[in-house]
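Undergrad: Please see the structure below; I have some questions.
The values are calculated or read from the model by the stated rules, or taken from the named source; none is laboratory data. If you're wondering where the values come from, they're calculated on a predicted model, not measured in any experiment. Cβ: placed from backbone, ideal geometry, glycine included. Neighbour counts: every protein chain shown. Ligands, DNA and RNA are stripped out before the accessible areas are found, and what is left, the full protein with its side chains, is counted by its heavy atoms. Shrake-Rupley method; radii C 1.70, N 1.55, O 1.52, S 1.80 Å.
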Amino acid sequence: MTSTSLPDSLIVTLPGSYYTDPGIFAQEQEQIFEAMWFCVARSSDLAGPGAFRTVEVGRESLLVTRARDNSVRAFLNVCRHRGAKLCTEESGEVKRAFQCPYHAWTYDLTGKLVAAPNLTKMPDVGRVEYGLANVASREWLGYVWVCLAETPPSFEDQVMGEVVARLGDVESIERYGMENLQVGKRIVYDVKANWKLIIENFMECYHCATIHPELTEVLPEFADGYAAQYYVGHGAEFGAEIKGFTVDGSAGLERIPGVSKDQDRRYYAITVRPQVFINLVPDHVIFHRMYPVAVDRTVVECDWLYLKDVVDSGRDVSRSVELFDRVNRQDFDACERCQPAMSSRLYAKGGVLVPSEHHIGAFHDWIHERLGTRQAGAGRTDVGDGAHGIA
């Protein structure tokens, strides 16, 4: 293929191999998912001591539970004796301890080894030393976040910093009181596409007028192709005749009390790398968690969060759920349509981004930086060179 000079309006994307190569996906597991803070569960999924959930983060299975002191604990889901998987269920509850089904080594809710056959005859075996391997964990916004890194990065910088970069401050998201909201609906999507295609799709709205008729009816400015994330602090305003963030523009539910006047009748979208999307509207929050399970497959768990009284009273939330469920299905269909083409010879050196998508170039630059495949800010080059730049 002949080298072609790239117009100033366009910048090059990642090459197709970044979406299809298992070796690159293995690098991402190690250097992104296993090295950064990763959101694994809604806090209410661990309602009381002994409640647990098992999740895959990178190449590891984790056991996340709540201890007697109500703190969240996370461990590698591996018995210290012979390496058997401790818990095979996706979720559940134990009374006091986790017992390995192989040799009955037993661990309390803090991970301490409390029992094993003939353990009393082995006084030199440390109950803490041979307990479950701890993983850093904390709660924020009503969700549980974990980090596999031996020395975790600053949660304030990495996670909260993404919110600040998008909204301008942390207070803007804390006004929604997400930790006090309840799950009104949860939908799990199994998407046959690389996780980066999903993030790129979420970050831009160049496609909105084409595939999201319901969304652009509610948020008319999206029809112009500029996503809410393109501007720091900007929230897309509801259409003049739109009463709520619903599939037909009808009135929503009770507004979240902490939402400010400036935030009313506006939609905010936030990407928290590497795998969280947060959507804020006056009466509910839509929270996505991505679980990349293979180079060409991503499970997305999406929660619709409402005021406690709304959920407890059994109010009809279907119109607001249907709006973003349609958006999700439209987006995931588009991502699945792109995935096979990532193997095409035409995409070997990548595609291009138009000006309203240039911020995705920064995401690609971040990928290169995390994987050590190119120095950030290396600049723009010709398409034929197979290199990539950012705006």
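Undergrad: Which of V281, M122, A51 sits closest to the plus end of the dipole of the chain, meaning its Cα is farthest towards the positive end, when Lys and Arg get +1 and Asp and Glu get -1 on the C-beta?
TA: Of the candidates, M122 comes out farthest on the positive side.
Undergrad: Given the C-alpha centroids of segment 319-362 and segment 1-43, what is the distance between them in whole angstrom?
TA: A separation of 13 Å, based on Cα centres.
Undergrad: Between V164 and H81, what is the spin-label point distance in nm, taking each point 7 Å from the Cα along the Cα→C-beta axis?
TA: With each label placed 7 Å out from Cα toward Cβ, I get 4.7 nm.
Undergrad: Now for a separate question. Amide H neighbours of A136 under 5 Å, at least 5 residues apart or on other chains, H built in the peptide plane: list them.
TA: Amide H neighbours of A136: C147.
Undergrad: OK, next. For S44 paired with E171, estimate the spin-label separation in nm (one decimal), with each label point 7 Å from Cα along the Cα-to-Cβ line.
TA: 2.8
Undergrad: With labels modelled as points extended 7 Å from the Cα through the Cβ direction, what inter-label distance (nm, one decimal) is found for V293 paired with S356?
TA: 3.4
Undergrad: Here's something else I'd like to know. Taking the chain as a Gaussian network, where each spring joins two C-alpha atoms under 10 Å apart, which residue of K243, K185, K261 fluctuates the most?
TA: Maximum among the listed residues: K261.
Undergrad: Give, in nm to one decimal, the length gained when the segment between S71 and S250 is fully stretched (0.36 nm per residue of separation minus the Cα-Cα distance). Kindly include the intermediate steps, with their values, before the conclusion.
TA: Values: separation 179, 0.36 × 179 = 64.44 nm, distance 4.07 nm.
Between S71 and S250, full extension yields 60.4 nm more.
Undergrad: To the nearest Å, what is the center-to-center distance of segment 272-317 and segment 150-164, using C-alpha atoms only?
TA: Distance between centres, Cα-based: 21 Å.
Undergrad: Taking the chain as a whole, which cysteines find no other cysteine Cβ under 4.7 angstrom from their Cβ?
TA: C39, C87, C147, C302, C335, C338 - these cysteines have no disulfide-compatible partner (Cβ-Cβ under 4.7 Å) in the chain.
Undergrad: Keeping all protein chains in place, calculate the accessible area per residue for the chain (probe 1.4 angstrom), answer in Å².
TA: Values: 17300 Å² over 391 residues.
Result: 44 Å² per residue.
Undergrad: Go through 117-123, 153-159, 207-213 and give me the packing order, highest mean Cβ count within 10 Å leading.
TA: Details: 117-123: 9.0, 153-159: 14.4, 207-213: 16.0.
My ranking of the peptides, most packed first, is 207-213, 153-159, 117-123.
Undergrad: In whole Hz, with x marking every Gly and Pro, tabulate ³J(HN,Hα) for segment 288-302 from phi via Karplus 6.51 cos²θ - 1.76 cosθ + 1.60, θ = phi - 60°.
TA: Taking θ as phi minus 60°, the curve returns 9, 10, 9, 10, x, 10, 7, 4, 10, 8, 9, 8, 10, 9, 10 Hz for segment 288-302.
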